[in-house]
Amino acid sequence: LTGAITLDPGYKNSGSCESKITFLDGEEGILRYRGYAIEELAEKASFLEVSYLLIFGELPTRAQLNQFEDDIRKYTLVNEEMKNIIDGFPKTAHPMGVLASLTSALTAFNPKSVDPHDDKEMYIAVCKTMAKFIVIATWTYRKSMGFPLNYYDNTKGYVENFMRLMFELPTGPYQSDKVIVEALDKLFILHADHEQNCSTSTVRIVGSSHAGLFASISAGVSALWGPLHGGANQAVLEMLEQINNDGGDVAKYVLKAKDKDDPFRLMGFGHRVYKNFDPRAKIIKKAADEVLAKLGVDDPLLDIAKQLEQVALEDDYFKSRNLYPNVDFYSGIIYRALGIPTEMFTVMFAIGRLPGWIAQWKEMRINKEPIGRPRQVYTGYALRPFVPVDQR
Ligand code: SDX
């Protein structure tokens, strides 16, 4: 195994873990799923193919892939009573908060927790999760728009269904667009897994107490929501719009981002691990040009994003801190061109990341990892005597 390292036994409850799923090299800007380069997978595979690879460890044969898609279709109906839950939310509720709640609520309708050591049971749980998550994810948007909730169409593909579930109205069928489906497929692949990031670590640590798969995924959705993590793709668009509305003065915002007294940061820049270009950002930047050209969309925010990247990458502050565009910097430009509302951008990230969360949860349980229990360095008081309240 190239690049394989073994951690000392003490790592077991330190928050680190061994994994065979994703390899990334932050210095070289390398990302591989089960040994396959992200650049190849993004170009040659489908999202369901990559989901199968991440979860079961090998690229599926044609028969396995067809069977996987058919088996997912068996579970695309979400219990009608789930609608009572979504009806309890105000239309203004952020889709990520609704998605986290609905994902956890799936446990109520699938109470038997899955035994990850039972291959058949685990396979069904995978198909059920992939099937129901994409439906409830789109319901968060439908609810915010006051639209009726759509059902998955088992005659259409997984990613094609996403656009239908989002945008099909009773007034007429949604006209699928190959360009859009291909762009989404690629974006979902690029978000599918990323080693032990914040939300994946959350899924693993919640699952390490043997909490169920839906409960663990729900926790991952909540962690992803944060603007320092998956919520950054929404924050990038809001930042680009702010710069655009402020006359497109890119240099002014690069200065603001460097000002220690200013809380403003360049959203979509920097990374905990990549101290080089995020390989996904390179692919998404190229895809943004291609998709907008194919759709005939001329978005000034793409030009502002490119100018921002150019100015920042020439700036010593960013160069000295190895701050490069990350996966979130250009993705929102494409989502926007596809007609996806900004509030749904992080939900898009969650749909892409779902197979990675499932794969990591499965690996952690099959490896019989102990309950997560990160240690701490205690820096508080030494022992001291109690003081009665009237003497304080
Ligand atoms: C994702 O971990 C993963 O793999 C995550 C992810 C995945 O696929 O799961 O890749 C997805 O979460 C990508 C990151 C999305 N977040 C953002 O784009 C938010 C903006 N970026 C930052 O908040 C920040 O870069 C982080 C949170 C991503 C990383 O933070 P670090 O590594 O802890 O960096 P830091 O906060 O220690 O900053 C180091 C220095 C600081 O300056 P100094 O104190 O040295 O003077 O760099 C500065 C920071 O102020 N800095 C930035 C900056 N990011 C870091 N300055 C301006 N703008 C930024 N974006």
* Structure fact -> Checked pairs for segment 321-332, first touching a residue at least 12 places away in the same chain (Cβ under 8 Å) and within 9 Å of the ligand (Cβ to nearest atom), second charged (D, E, K, R) and open to solvent by 10 Å² or more (accessible area, probe 1.4 Å), C-beta under 7 Å and 6 or more apart or across chains, list as ASN322/LYS275; PRO325/GLU309
* Go through (1) touching a helix residue (DSSP H, G or I) at 6+ places or on another chain (Cβ under 8 Å); (2) within 12 Å of the ligand (Cβ to nearest atom) one by one and return the number of the condition VAL273 breaks. => (1)
* To do: Give just the number: which of (1) touching a residue at least 40 places away in the same chain (Cβ under 8 Å); (2) surrounded by 15 or more Cβ atoms within 10 Å (Cβ to Cβ); (3) part of a loop (DSSP other than H, G, I, E, B) does LEU59 not satisfy?
  => (1)
* Name every residue in segment 57-85 that is more than 22 Å from THR103 (Cα to Cα) and within 22 Å of the chain's Cα centre (by Cα), in order of residue number. => GLY57, GLU58, LEU59
* Asked: How many residues are at negative phi and away from the ligand (no atom under 16 Å from the Cβ) when one looks only at segment 348-368?
  -> 6
* **Hits in segment 359-392 - residues which are of a type in the set (Phe, Trp, Tyr) and surrounded by 13 or more Cβ atoms within 10 Å (Cβ to Cβ)** => TRP361
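The values are calculated or read from the model by the stated rules, or taken from the named source; none is laboratory data. None of the values given here were measured: they were computed from a predicted structure. Here Cβ is always computed from backbone atoms with ideal geometry, including for glycine, and neighbour counts include all displayed protein chains. Note: accessible area is taken over every heavy atom of the protein model, side chains too, but ligands, DNA and RNA are not part of it. Shrake-Rupley method; radii C 1.70, N 1.55, O 1.52, S 1.80 Å.
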